[in-house]
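Notes for the one structure printed next.
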Amino acid sequence: MRIVHALLTVAAVLTAGSPTPPDPGMASDIQVVAEELGLPGVAFRVVAEDEVLEDVEYGVDGDGAPIDESTPFVWGSVSKSVTAATVYSLASQHRLDPSGTVNSILPEVDSVVPGDVTIDDLIHHTSGLPHDVTELDVWGRSERALDVVPTLDVTVADRGPFRYSSLNYLLLQAIVEKVTAEPFADVVARETGVHTAGAVTPGHVPFFTFPRSIDTGIDSAGLGYGYLSGSIAELSRYASTQLTAPASNSSDTVPTGSGTAYGYGWYVETLPDGTEMR
């Protein structure tokens, strides 16, 4: 199995089986790509289960400090896999049931999602929730997801078909907060080993395929869908564990309609050579 994650400014790649020997030209290749894209800094790793195969840190962060293995980045939608792994762990402890309905745990969303929508629907984006950006990415929002859920005002489609929506993972964060009565980041740290950074330096995001400088903010209610953050070292440690983690290797997937499937926070694709990719 191979797990691949790529962001504009940070990347981690996992391979299983016979590790590929280190590429002596990797650092220069990464530098060329970064310069072509206008990226001020990049962190890149290729890791196997027990070792780092490639490690490149290049350039500077938004404050002008050199990028190193401790420089924090926002992880974007890789956060969803961490959330799903957290839910999987809680389910294995019988603290929640993925087949149970969302409303049975969160009566706060009774007016948001139909009564037959399950936690498993949220995990696989089959709840019918829309990808409503007006409810997402509220930088500086300090409330819990549990506090934000009652304020949601969205139109839900039919349950069943795959329909990607970060709102599913906002609700999953709220469920974790509800069943544990703990801050989401604390539960994630205990259940997955991921310790999210409290703040990141100004950075860059894709804007019509070109990098655009931004003052990166954190949405506390959005940790579950995109705002977990950490260094390339933290990301690569997490990624390595996913090679053998039950959640990542679960066969519980749904078709996306575009030749891939969706599992526990990952797109799942089989390459022509038979390699399974996350």
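Assorted remarks:
- Screening D137 on (1) of a type in the set (D, E); (2) closer than 23 Å to W266 by Cα; (3) out of contact with any Gly (no Cβ under 9 Å at 6 or more places or on another chain); (4) at pLDDT below 90 shows it passes everything except condition (3).
- Test: L136 is out of contact with any Pro (no Cβ under 8 Å at 6 or more places or on another chain) and closer than 23 Å to D97 by Cβ: no
- Residue among V109, V82, V138 that alone is under 16 Å from the mean Cα position of the chain (by Cα) and in contact (Cβ under 8 Å) with a residue 60 or more places away in the chain: V82
- The single condition among (1) more than 22 Å from the chain's Cα centre (by Cα); (2) surrounded by fewer than 13 Cβ atoms within 10 Å (Cβ to Cβ) that S92 does not meet is (1).
- Residue list for the range 159-169, filter: in a loop (DSSP other than H, G, I, E, B) and touching an Asp or Glu at 6+ places or on another chain (Cβ under 8 Å): R159, S165
- Qualifying residue in the range 234-254 (condition: of a type in the set (F, W, Y), modelled with pLDDT of 90 or more and within 12 Å of the chain's Cα centre (by Cα)): yes
- Residues that are assigned to a helix (DSSP H, G or I), under 28 Å from I67 (Cβ atoms) and touching a helix residue (DSSP H, G or I) at 6+ places or on another chain (Cβ under 7 Å) within the range 170-202 comprise F184, A185, V188, T192, listed in sequence order.
- Some residue of the range 42-53 being more than 21 Å from K178 (Cβ to Cβ), in contact with a Pro (Cβ under 7 Å, 6 or more places away or on another chain) and touching a residue at least 12 places away in the same chain (Cβ under 8 Å): yes
- Candidates G41, G64, G76: the one that is surrounded by 13 or more Cβ atoms within 10 Å (Cβ to Cβ), at positive phi and at pLDDT 85 or above is G76.
- Residue check, T118 of a type in the set (S, T, N, Q), more than 20 Å from S77 (Cα to Cα) and at pLDDT 90 or above: yes
- Hey, E35 farther than 10 Å from I232 by Cα, surrounded by fewer than 18 Cβ atoms within 10 Å (Cβ to Cβ) and modelled with pLDDT of 85 or more or not: yes
- Count - residues of the range 220-249 that are in a loop (DSSP other than H, G, I, E, B) and closer than 14 Å to K80 by Cβ: 4
The values are calculated or read from the model by the stated rules, or taken from the named source; none is laboratory data. Please read all numbers here as calculations on a predicted model, not as lab measurements. Reconstructed Cβ throughout: ideal geometry from the backbone, glycine too, with neighbour counts over all protein chains shown.
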